[in-house]
Every structure is written in structure tokens, then in C-alpha cells.
Amino acid sequence: MDSLGNIITLKWLDNLNAPKGLAICGNKLFVADITELLEIDISKGKILKKHKIKKAKFLNDVTCDNEQNVYISDTAANCIFRLHEGNVSCWLKDKKIKKPNGLLFLNNKLFIGNFGNGAFLYYDFQNKKIISVASNKTGIDGIADCGDGEFLVSDWNGKIEKITKKGELLPLLDFTKQGENAADIFYLKNKKLLLVPTFFGNKIIAYKIKEN
């Protein structure tokens, strides 16, 4: 699909189970597919490897760092798995992590959105600590970087909020009355375009974000 919503290839890759989080790492696409992490060659549209994770229960979002390590949230197992040098293990488990969903690696930090209690956190790789930033008190699904230390987060119930540098939550969109969900989100910073999958609505809605 292009930035105008036109479908380029309807079925680029099929025969998956229930794909959710996606992350491009180098020339590969990694996909969370229930209890497997799929490693895909983007140019060929071909699955190179299926990393079966024995302890996985409900893999959700995916992100990768600058060293090609891949991180996968497991909402049901309360764990963040990591693919490192071909092996996957439960890498981060902590009482602050409650049903982790959204993940985003940025500036040597792993940002985490809890689906269980709405907490927005980050793991500081330098200090090896989990820092709390904010909470919407309901549940965070997707995370997107909107630049300048600010983020956009989606609430499964149908809300989009901005998290400021100070940890303030600013409401941007609310379509709960329309019965639309807000799943994992993507933000095109150069176009200031926010893409929101509605999941059950079987559509992706695009919004232009205006600066104050």
C-alpha cells in the first residue's frame, strides 16, 4: 500500500496464522505470529526462518536495536523476548511490565506500552533500569515516535494520545462512539501522517497531524 492508501500488492505474503507486530531490521522483516517470530526476506517476499518460541503465549509487537537484536512483546506471558545471534529467550521480565504490548527502540532505550495498566515505560540500556513515563490507566496498544522526545500511543478502546516530554497525556483522537478500535499505529513524520488500523473494522484510517 502506498501513502495515498492505494493497494500495490494485495497478497504480498500469505499463509500466516495471526500476524501482529512488524519491524524492519536491515533487509529483513520480522513478524510476530502467535508463538513464532517470522524472519522474512523483503526483496523476495519469502520466509527465511520461523523462530519457534517454546515459552511464548501471545506474541504481539516487534522492534529492533542498532545491533540487529530483535525484541518481541508477549502480552500473555508478561515477558519481552529477544532474538540475539539466532537464539530467542525471555530477556526482560519485571513487576512493572504488565501485559506488554507496544514496543519501540529509540536512542538506546526500549519504550514499552503496557496493555494491562496503560503504563508507558522505557528500559534504559545504559543504566539497566525501567523508568516510568506516563499512564493512560486503561491500556496501550501501539507506540509511534513523533520526534522531539514526544510520542503517540493508541488505546485499543479507540483513542490516540500524545505523550509530551514532561510525561503529559494530550488527547488527539477519540472514536469510541463509532465503535472503532485503535490497534498498532504508524506515523510518517515527513508527511505528518498517522495510520490507525481499526482491526475489527477491517480498514486503516489516515490522519494529518497539525502542529500547535
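The values are calculated or read from the model by the stated rules, or taken from the named source; none is laboratory data. Since this is a predicted model, take the numbers as computed values, not measurements. So basically every Cβ, Gly included, is an ideal-geometry build from the backbone, and we count neighbours across all protein chains shown.
Starting from residues that are touching a Lys or Arg at 6+ places or on another chain (Cβ under 8 Å) and in contact (Cβ under 8 Å) with a residue 12 or more places away in the chain, keep the ones in segment 159-172 and report whichever is surrounded by the fewest Cβ atoms within 10 Å (Cβ to Cβ).
We begin by selecting, within segment 159-172, every residue touching a Lys or Arg at 6+ places or on another chain (Cβ under 8 Å); these are 169-172.
Subsequent filtering for residues that are in contact (Cβ under 8 Å) with a residue 12 or more places away in the chain retains 169, 171-172.
Working: LEU169: 18, PRO171: 11, LEU172: 14.
So, considering only residues that are touching a Lys or Arg at 6+ places or on another chain (Cβ under 8 Å) and in contact (Cβ under 8 Å) with a residue 12 or more places away in the chain, the one surrounded by the fewest Cβ atoms within 10 Å (Cβ to Cβ) is PRO171.
Per the conditions (1) outside any loop (DSSP other than H, G, I, E, B); (2) crowded, with 19+ Cβ neighbours inside 10 Å, the sole criterion not satisfied by ILE97 is (1). Within the span defined as segment 38-50, every residue fails to be at pLDDT 95 or above, within 30 Å of LYS129 (Cβ to Cβ) and not aromatic (Phe, Trp, Tyr).
Within segment 183-204, restricting attention to residues that are hydrophobic (A, V, I, L, M, F, W, C) and within 21 Å of GLY147 (Cα to Cα), which residue is surrounded by the most Cβ atoms within 10 Å (Cβ to Cβ)?
So in segment 183-204, the residues hydrophobic (A, V, I, L, M, F, W, C) come out as 183, 185-186, 188, 193-196, 199-200, 204.
Adding the requirement that they be within 21 Å of GLY147 (Cα to Cα) leaves 183, 185-186, 188, 193-196.
Numbers: ALA183: 17, ILE185: 20, PHE186: 15, LEU188: 13, LEU193: 14, LEU194: 21, LEU195: 18, VAL196: 27.
So, considering only residues that are hydrophobic (A, V, I, L, M, F, W, C) and within 21 Å of GLY147 (Cα to Cα), the one surrounded by the most Cβ atoms within 10 Å (Cβ to Cβ) is VAL196.
So, restricting to strands (runs of 3 or more DSSP E) that lie completely within segment 1-78, which ones have at least 2 residues that are more than 24 Å from TYR187 (Cβ to Cβ)? Can you show your working first?
Numbers: elements: 19-25, 28-33, 36-41, 46-52, 59-64, 70-74.
Correct list: 36-41, 46-52.
Restricting attention to segment 119-158, the residues that are buried (at least 22 other Cβ atoms within 10 Å of the Cβ) and among the charged types (D, E, K, R) total 2. Looking only at residues in segment 107-139 that are among the basic types (Lys, Arg) and outside any strand (DSSP E or B), the one that is farthest from ALA183 (Cα to Cα) is LYS128. Residues in segment 79-93 that are of a type outside the set (Val, Ile, Thr), under 20 Å from PHE115 (Cα atoms) and outside any loop (DSSP other than H, G, I, E, B): 6 in all. Might you let me know whether segment 62-70 holds any residue that is in contact with a Phe, Trp or Tyr (Cβ under 6 Å, 6 or more places away or on another chain) and surrounded by fewer than 22 Cβ atoms within 10 Å (Cβ to Cβ)? The answer is yes, given that some residue of segment 62-70 is in contact with a Phe, Trp or Tyr (Cβ under 6 Å, 6 or more places away or on another chain) and surrounded by fewer than 22 Cβ atoms within 10 Å (Cβ to Cβ).
Give the residues of segment 143-158 that are without any contact (Cβ under 8 Å) to a residue 24 or more places away in the chain and within 15 Å of SER132 (Cα to Cα), sorted by residue number.
Within segment 143-158, the first condition is being without any contact (Cβ under 8 Å) to a residue 24 or more places away in the chain, and the residues that meet it are 148-150.
Scanning segment 143-158 gives GLY149, GLU150.
Taking segment 25-47 as the range and being in contact (Cβ under 8 Å) with a residue 24 or more places away in the chain and among the aliphatic types (A, V, I, L, M) as the test, the residues that pass are VAL31, ALA32, ILE34, LEU37, ILE40, ILE47.
The residue pairs whose first member lies in segment 182-210 and is free of Cβ contacts under 8 Å to residues at least 60 places away in the same chain and within 17 Å of GLY21 (Cα to Cα), whose second member is basic (Lys, Arg) and part of a strand (DSSP E or B), and whose beta carbons are closer than 8 Å, counting only pairs six or more residues apart or on different chains, are ALA182/LYS159; LEU194/LYS208.
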